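Data first, discussion second: the structure below is written as structure tokens.
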Amino acid sequence: MRLAIDRTREGIRLGQTPFGACIVNADGKVIACDHNVVWATTDITAHGEVNTIRLACRALGAVDLSGCTIYSTTEPCPMCFAAIHWAKIGRIVFGASIADARAAGFNELGISNAAMKEAGQSPVIVEGGCLRADCVALFEEWRRAGQARVY
């Protein structure tokens, strides 16, 4: 999670939004880390989790990321949760909640990963609250950086 936080801070310095992710394999080896680049690319799908999944798939030459864990600074949105499910990532570990992102002004859908897992019968393990205070603090760092824009 600390690598995801570091990558998020890199994104904030570049004028991006405060979201980042990191994927590790079953042995704990880092496969990929990235941050959100929605504003840099004018691509609303360029979330930290999706970018990290893309990098991990390229690094492994596969679309099946079974056995991997994704660490995300904020609970993945429904789009990102679906991408995680389709990539067969085994576990999601997140810090801040969707409610925290909404409180920061983001247009989040108010559906938790736990609810999506249950509704979609996904096998992914969902663990929230990892370094939550550090992850929530990223929203304030982003505001103080002076380039804060929501979508």
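The values are calculated or read from the model by the stated rules, or taken from the named source; none is laboratory data. Remember, predicted model here, so these are calculated numbers, not experimental data. Positions of Cβ are generated from backbone atoms using ideal geometry, with glycine treated the same way; all protein chains shown enter the neighbour counts. What goes into the accessible areas is simple: the full protein's heavy atoms, side chains included, and nothing from ligands, DNA or RNA. Shrake-Rupley method; radii C 1.70, N 1.55, O 1.52, S 1.80 Å.
What does the charge count near Thr74 come to, summing +1 for each Lys or Arg and -1 for each Asp or Glu among other residues with Cβ under 13 Å from its Cβ? Don't skip to the end; give the middle numbers.
Working: positive: Arg7, Arg102, Arg132; negative: Glu49, Glu75, Asp100, Glu108, Asp134.
The answer is -2.
Ignoring ligands, DNA and RNA, what accessible area per residue does the chain give at 1.4 Å, in Å²? Mind dumping the intermediate values first?
Numbers: 7170 Å² over 151 residues.
Ligands and nucleic acids excluded, the figure is 47 Å² per residue.
How charged is the neighbourhood of Glu127? Take every other residue with its Cβ under 14 Å from the Cβ of Glu127, and add Lys/Arg as +1 and Asp/Glu as -1.
On the way: positive: Arg91, Lys117, Arg132; negative: Glu75.
Result for the neighbourhood of Glu127: +2.
Assigning unit charges at the beta carbon (Lys, Arg +1; Asp, Glu -1) and nothing else, what dipole magnitude in debye, to the nearest 20, does segment 39-151 show about its Cα centre?
On the way: 10 positive and 11 negative charges, 33 e Å.
The calculation lands at about 160 debye.
Hey, what did the chain get for relative contact order, percent, Cα under 8 Å, at least 6 apart? Show your work: numbers first, answer last.
Details: 317 pairs, mean separation 34.1, N = 151.
Taking the mean separation of contacting Cα pairs over the length of the chain, I get 23 percent.
Using label points projected 7 Å from each Cα along Cα→Cβ, tell me how many nm separate Trp86 and Arg149, to one decimal.
Each label point is offset 7 Å from its Cα along the Cβ direction, giving 2.7 nm.
Find how much the distance from Leu14 to Thr42 grows on full extension, using 0.36 nm per residue of separation minus their present alpha carbon separation; answer in nm with one decimal.
On the way: separation 28, 0.36 × 28 = 10.08 nm, distance 1.42 nm.
Here the answer is 8.7 nm.
Any idea how far the Cα center of segment 35-74 sits from the one of segment 105-123, in Å?
Taking the Cα centre of each part, segment 35-74 and segment 105-123 sit 18 Å apart.
Scan (1) 31; (2) 35; (3) 45 for the value of percent of Cα pairs over 22 Å apart calculated from this model and give just the label.
Among (1) 31; (2) 35; (3) 45, the one calculated here is (1).
Let me know the Rg and Dmax you get for segment 10-77 when you use only its Cα atoms, in Å.
Reported Rg and Dmax, both Å: 11.8, 35.
Please turn the phi angles of segment 134-151 into ³J(HN,Hα) values with the Karplus equation 6.51 cos²θ - 1.76 cosθ + 1.60 (θ = phi - 60°), one per residue in order, whole Hz, x for glycine and proline.
Using θ = phi - 60°, the values come out as 5, 6, 5, 4, 4, 5, 5, 4, 4, 4, 5, 5, x, 10, 5, 9, 9, 9 Hz.
Taking the Cβ of Gly146 as the center, what net charge do the other residues with Cβ under 13 Å away carry, scoring Lys and Arg +1 and Asp and Glu -1? Mind showing how you got there, number by number?
On the way: positive: Arg13, Arg143, Arg144, Arg149; negative: Glu140, Glu141.
Computed value for this residue: +2.
Relative to the longest principal axis of the C-alpha atoms of the chain, give the angle of the C-alpha long axis of helix 2-13, reported between 0 and 90° and rounded to the nearest 10°.
Between helix and principal axis, roughly 40 degrees.
Which percent of the accessible area of segment 68-151 is formed by carbon and sulfur heavy atoms (probe 1.4 angstrom)? Before the final figure, lay out the partial values.
Working: 2210 of 4040 Å².
Roughly 55 percent, rounded to a whole number.
Rounded to whole Hz and in sequence order, give me ³J(HN,Hα) for segment 33-40 from the Karplus expression 6.51 cos²θ - 1.76 cosθ + 1.60, θ = phi - 60°, writing x for Gly and Pro.
With the stated coefficients, segment 33-40 comes to 9, 7, 10, 5, 9, 4, 6, 5 Hz.
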